[in-house]
Amino acid sequence: MAVASALTERAFAERRRKSWDALDSLSRKSTRKGLRSLDPDDVGQLPALYRDVCSDLAAAQAARYSAPLVDYLRGLTASAHGILYAPTRSAGGGALRQAWLGAFPRAVRKRWRAMLLATGLFFIPLAIGVLLTLHDPSFAFRVAPEATLRPLAEAYARGFDEGRDAGEGTMMAGFYVYNNVGIALRCFALGIFGGLGSAFYLVQNGLTIGAILGYVASQGAGANIGTFIVGHGSLELGAIVLSGGAGLSLGWSVVAPGELTRLTSLQRTARDILVIVAGAAVMLLMAAGIEAFWSASSTPSEIKLAVGGSLFLLVVAYILFAGRGASDPAGAS
């Protein structure tokens, strides 16, 4: 057993050595002047390297690897932690913010399979809900309460010529935050049950939103609700999908931990997942502000469509390309 354990530890160290050496090199490089001594690409690598070595430390402790290896990883995490969380000023603080802005899209791309599955689980039912309701408007009553659907149709039929006053906008912003964050948290948190809870809520919310869109459109207000959603939809719906994808990743780490124990697999996955959930929460806050003060404003629909389309492209470009200047060392794990 001791020989097998030694071989396993050696394979583990050889597989992860490149990332450890990279973090050690950056830590030594920034010992004197902190983050200001690093170039932007180096700063971008630090958070991902730090998260991964923390996971490696947890895995080494759980597997009861040798004391020298555990002590080495503990020292490596301590030095990196001191650099990342040391008080910073101006340029250093700006560099750190840039690093975390890059960490979010990198974490999303790292979990691209779960994100792609979440996209399908949400948007395919949404499209089905729209099509079935347009074919038969009564279908919407099987998915959403009639007491909700009819007032919505009437509200969107009136349009936005009168806009919304600031007081009402502030009140609605609070409601949107409460409602949307609740949906996103359910999509994420219930993923712990093998991902099934996340899958269920993605499908349910996609079908419900599709039925609402279809019903309002069937009552002649499709253009109005489309104009309303386009301004904030890329942030709001995108955040729900990302939260669901995070939940699916969380569940899969328990179902298929690979060579790790389920607890270690969950701990390692959680480091990326928490970054994704935090980013999704920021997206929802931004969406709530836009929905409350812009989407329901009296701004001409052509401008809303142009702004909404531009925001959609920015969100997609950010997720796909931000942070690519710094390689993602976790991808080698």
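The values are calculated or read from the model by the stated rules, or taken from the named source; none is laboratory data. These figures come from a predicted structure and were not determined experimentally. Positions of Cβ are backbone-derived with ideal geometry, glycine not excepted, and every protein chain shown enters the neighbour counts.
Odds and ends about this structure:
- The number of residues in the stretch 289-321 that are under 16 Å from LEU242 (Cβ atoms) and among the small types (Gly, Ala, Ser) comes to 1.
- Only one of GLU162, GLU168, GLU146 that is over 23 Å from the mean Cα position of the chain (by Cα) and at pLDDT 65 or above: GLU146
- Qualifying residue in the stretch 151-159 (condition: aromatic (Phe, Trp, Tyr), in the same structural domain as VAL254 (by TED's automatic domain parsing), out of contact with any strand residue (DSSP E or B) (no Cβ under 7 Å at 6 or more places or on another chain) and modelled with pLDDT of 85 or more): no
- Of the numbered criteria (1) modelled with pLDDT of 90 or more; (2) buried (at least 24 other Cβ atoms within 10 Å of the Cβ), the one LEU250 fails is (1).
- Note on the stretch 112-144: residues that are small (Gly, Ala, Ser) and over 28 Å from ILE276 (Cβ atoms) amount to 3.
- Residue in the stretch 1-40 that is nearest to ALA63 (Cα to Cα), counting only those that are at pLDDT 70 or above and of a type in the set (Lys, Arg): ARG10
- Restricting the first member to the stretch 301-325 and to residues that are on the phi < 0 side of the Ramachandran plot, and the second to residues that are of a type in the set (Asp, Glu) and in a helix (DSSP H, G or I), the beta-carbon pairs closer than 7 Å and six or more apart or on different chains are GLY325/ASP41.
- Qualifying positions in the stretch 280-324 - loosely packed, with under 13 Cβ neighbours inside 10 Å and in contact with a Gly (Cβ under 9 Å, 6 or more places away or on another chain): SER298, VAL316
- Among the candidates ILE229, ILE225, ILE240, the residue that is surrounded by 22 or more Cβ atoms within 10 Å (Cβ to Cβ) and either touching a residue at least 40 places away in the same chain (Cβ under 8 Å) or in contact with a Gly (Cβ under 7 Å, 6 or more places away or on another chain) (or both) is uniquely ILE240.
- Listed by first and then second residue, the pairs with beta-carbon distance under 6 Å, at least 6 apart or on different chains, first residue in the stretch 51-69 and among the basic types (Lys, Arg), second at pLDDT below 80, are ARG51/ARG271.
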